[in-house]
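Asker: Next up is a structure, given as structure tokens.
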Amino acid sequence: MSKESGMGKPTGQALHELTLHEMHDGITRRAFSAAEVMRAIYDRIAAVEPKVRAYVTLTRERAEAAAARADRERQAGATLPPLAGLPIAIKDNLCTKGVATTCASKILTGFVPPYNATVVDRLERLGMAMVGKTNMDEFAMGSSTENSSVTVTKNPWDTTRIPGGSSGGSAAAVAAGCAAAALGSDTGGSIRQPAALCGLVGLKPTYGRVSRYGLIAFASSLDQIGPLTKDVTDSALLLQAIAGLDRRDSTSASVDVPDYRAALRQPVAGLRLGVPKEYFVEGMDPEVEQAVREAIRVYEKMGLTVKEISLPHTRYAVATYYLVATAEASSNLARYDGVKYGYRTARASTLAELYARSRAEGFGPEVKRRIMLGTYALSAGYYNAYYQKAQQVRTLLRRDFDAAFADVDVIVTPTTPTPAFRIGEKADDPLQMYLSDIFTISVNLAGIPALSMPCGLTRAGLPVGLQLLGKPFDESTLLRTAYAYEQETEWHKKRAVVK
């Protein structure tokens, strides 16, 4: 095994650095076993987790049992799925049978689900070895993973900086080599933004493409589960595994799931690439804009047609999102009352006091802020002025995308306006923190798929993300467009050096 050096680029590859498909290929060739991969992952966790703090729970016994089972079955001559025995991390808002699931919140202290989320079930049926549950912003409310009640996760590229959020633990685990891939959830950018800041591929599928059953809800009309991976091929593999109709989720779409990996190598020349003028805004970091515009030039050289487009209602997206999302959060989080499960105050003499004290003590400041905003927006006398108006603007945003996709096949934008900022830098300014998701929020409001992938490094060695937006249920075109860029560049091969 070789040592790492310089700007996150390894001189060789240790087992913990490999992608899912590289691990599968090596195990199939008998170059190493799934058990050896698992040992390498947990050795890496022992070495860097104290610096990164990506996990809230490790499930080593469960993971090693899955790896050993895959090795036994292969030795017996079985042909196994490509994820069998491979180390994958799970965000702590996805229910895992027999393993604590807390949403990084005090109010879910001690909650151990009696069932798996559908996505976890599907991965375990394919032999996944679950490494552990990853840290997150409490109830997925945040853009930096500083809102966790457990710990603050650090960015493996620079541990003085945030990894993004709310799936920051999942992103940090993969970027640090503490998992080969991970699942996250995306309500307003919570997969794509940390993927961009940690130099990964992050995919938010079309709303309804992946079952939300067993995902602890933040905003039910916006939430979607997706993969965080080291390259586009792994993203296709994971999406293939978790996509498809689930009768337990009433919003799950009955739409055929294509062969995503087979689609990667289809030609992209002639595809029409839209560049929305509203996404290149004043105040964007110049190094981010330079990297994204260079990526667009790479696409032009590959034979894609690039044209400027307009998404005129983009400027209303942040305000619309923070009405819709907080209103749904207010409703969803009403179930946490200190009675049925989770945290219960010890200082209550009446039922009303039990509710009030349990929620006041159990929820963190950002969750309380959003519950109050949402409750206000839904209250009598204000519903029409705020929530209903936000839903009307949401329709206009969706129509913007419909009109744009009549002329282009894929839309390209920056993922974030800046690279990763320092821990604590925006903690006291919620509005600045909310603006971190300015380029990702519209996608969730419209329900379309989007992918972030690395397209550069700043002079300080921080990753920059390129965002691709696709038509509803057209993840295949999104993935092959991303894969084509990946084959022309080296950014996806860069690895963080944890210091």
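Asker: Between a first residue in the stretch 342-358 that is closer than 24 Å to Ile216 by Cβ and a second residue that is β-branched (Val, Ile, Thr) and part of a helix (DSSP H, G or I), which pairs have beta carbons less than 7 Å apart while being 6 or more apart in sequence or on different chains?
Answerer: What qualifies is Gly342/Ile107; Tyr343/Ile107.
Asker: Just the residues that are buried (at least 23 other Cβ atoms within 10 Å of the Cβ), under 17 Å from Ala496 (Cβ atoms) and touching a helix residue (DSSP H, G or I) at 6+ places or on another chain (Cβ under 6 Å), please, taken from the stretch 38-49.
Answerer: Ile41
Asker: Taking the condition of being out of contact with any Asp or Glu (no Cβ under 6 Å at 6 or more places or on another chain) and either among the aromatic types (Phe, Trp, Tyr) or surrounded by 12 or more Cβ atoms within 10 Å (Cβ to Cβ) (or both), how many residues in the stretch 250-276 meet it? Write out each step before concluding.
Answerer: As a first pass, look at the stretch 250-276 and keep what is out of contact with any Asp or Glu (no Cβ under 6 Å at 6 or more places or on another chain): 250-251, 253-270, 273-274, 276.
Those still in the list that are either among the aromatic types (Phe, Trp, Tyr) or surrounded by 12 or more Cβ atoms within 10 Å (Cβ to Cβ) (or both) too: 251, 253, 255, 257-258, 260-264, 266, 268, 273-274, 276.
Counting residues in the stretch 250-276 that are out of contact with any Asp or Glu (no Cβ under 6 Å at 6 or more places or on another chain) and either among the aromatic types (Phe, Trp, Tyr) or surrounded by 12 or more Cβ atoms within 10 Å (Cβ to Cβ) (or both) gives 15.
Asker: Tell me yes or no: at least one residue of the stretch 54-64 is in contact with a Gly (Cβ under 9 Å, 6 or more places away or on another chain), without any contact (Cβ under 8 Å) to a residue 60 or more places away in the chain and β-branched (Val, Ile, Thr).
Answerer: Among the residues of the stretch 54-64, not one is in contact with a Gly (Cβ under 9 Å, 6 or more places away or on another chain), without any contact (Cβ under 8 Å) to a residue 60 or more places away in the chain and β-branched (Val, Ile, Thr), which makes the answer no.
Asker: Six or more apart or on different chains, Cβ atoms under 9 Å: show the pairs whose first residue is in the stretch 270-285 and more than 18 Å from Ala450 (Cβ to Cβ) and whose second is β-branched (Val, Ile, Thr) and surrounded by fewer than 17 Cβ atoms within 10 Å (Cβ to Cβ).
Answerer: Correct list of pairs: Gly270/Thr305.
Asker: Could you look through the stretch 224-235, keep only residues that are part of a helix (DSSP H, G or I) and touching a His at 6+ places or on another chain (Cβ under 9 Å), and pick out the one that is surrounded by the most Cβ atoms within 10 Å (Cβ to Cβ)?
Answerer: Of the stretch 224-235, the ones part of a helix (DSSP H, G or I) are 232-235.
Then drop every residue that is not touching a His at 6+ places or on another chain (Cβ under 9 Å), which leaves 232-234.
Details: Val232: 27, Thr233: 22, Asp234: 30.
If we take residues in the stretch 224-235 being part of a helix (DSSP H, G or I) and touching a His at 6+ places or on another chain (Cβ under 9 Å), then Asp234 is surrounded by the most Cβ atoms within 10 Å (Cβ to Cβ).
Asker: Has the stretch 491-499 got at least one residue that is β-branched (Val, Ile, Thr), modelled with pLDDT under 95, surrounded by 22 or more Cβ atoms within 10 Å (Cβ to Cβ) and on the phi < 0 side of the Ramachandran plot?
Answerer: The answer is no; no qualifying residue exists.
Asker: Go over the candidates Ala35, Ala66, Ala70 one by one and state the one that is modelled with pLDDT of 95 or more, in a helix (DSSP H, G or I), farther than 25 Å from Val497 by Cβ and touching a strand residue (DSSP E or B) at 6+ places or on another chain (Cβ under 6 Å).
Answerer: Working: Ala35 fails: touching a strand residue (DSSP E or B) at 6+ places or on another chain (Cβ under 6 Å); Ala70 fails: touching a strand residue (DSSP E or B) at 6+ places or on another chain (Cβ under 6 Å).
Only one candidate passes the filter, namely Ala66.
Asker: Filtering the stretch 63-103 down to residues that are small (Gly, Ala, Ser) and under 21 Å from Tyr213 (Cβ atoms), which residue is surrounded by the most Cβ atoms within 10 Å (Cβ to Cβ)?
Answerer: Ala89
The values are calculated or read from the model by the stated rules, or taken from the named source; none is laboratory data. If you're wondering where the values come from, they're calculated on a predicted model, not measured in any experiment. For neighbour counting, all protein chains shown are included, and Cβ atoms are generated from backbone atoms with ideal geometry for every residue, glycine included.
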